[in-house]
Amino acid sequence: MFTDLLRKLERAYPRARVIHAIVDNYSIHSSPQAEPALRSLSRIRLHSLAPYSPEFNLTERVWLDLHAAVTRNHRCGTIDELMAEVEHHLRYRNRTRSRHSVRAVA
């Protein structure tokens with residue numbers, strides 16, 4: 001899937017001499033299976049984030065926030081209870097962030 005995405009990027013930007021892609025350190029980005037495909041994608045340049053860089057990786061920020069607010073010290077008795085708390089937190093977080101984003105743009 002990763003190399004398919006990179007191929008789509010090449011097709012989407014046929015006139016670009018170089019396409020820079022910033023990736024996290026997920027193992028598929030440098031796996032032996034991906035290496036031949038990456039060699040054939042000559043216009044793609046991968047740039048890896050530092051191993052732990054929440055300031056650059058927005059997904060990492062969400063996980064940090066979720067862990068601090070919900071999963072670190074939860075008292076849920078079941079996985080279903082925990083997932084309900086996770087879903088509630090993410091819905092609240094998204095509503096709150098959306099309102100701030102709209103205000104900042106307006």
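If you take the residues of segment 30-47 that are over 27 Å from ARG97 (Cβ atoms) and in contact (Cβ under 8 Å) with a residue 24 or more places away in the chain, which of them is surrounded by the fewest Cβ atoms within 10 Å (Cβ to Cβ)? Once the filter is applied, the top-ranked residue is ARG45.
Filter segment 1-21 for residues that are among the acidic types (Asp, Glu) and more than 14 Å from LEU46 (Cβ to Cβ) and give the result.
Hit for segment 1-21 is ASP4, nothing else.
Here GLU81 fulfils each of the conditions (1) at pLDDT 85 or above; (2) more than 25 Å from ARG93 (Cβ to Cβ) apart from (2). The single condition among (1) at pLDDT 90 or above; (2) part of a helix (DSSP H, G or I) that ALA37 does not meet is (1). For segment 52-90, taking the residues that are among the acidic types (Asp, Glu) and part of a helix (DSSP H, G or I), the one that is nearest to SER27 (Cα to Cα) is identified as GLU60.
Restricting to segment 68-82, and then to whatever is surrounded by 12 or more Cβ atoms within 10 Å (Cβ to Cβ) and within 25 Å of TYR52 (Cα to Cα), can you tell me which residue is farthest from the chain's Cα centre (by Cα)?
Taking the candidates together, the pick is HIS74.
Taking segment 41-51 as the range and being under 23 Å from ASP4 (Cα atoms) and assigned to a loop (DSSP other than H, G, I, E, B) as the test, the residues that pass are LEU41, SER42, ARG43, LEU49.
The values are calculated or read from the model by the stated rules, or taken from the named source; none is laboratory data. None of these values were measured; they are calculated from a predicted model. Cβ sites come from the backbone with ideal geometry, for glycine too, and all protein chains shown count toward neighbours.
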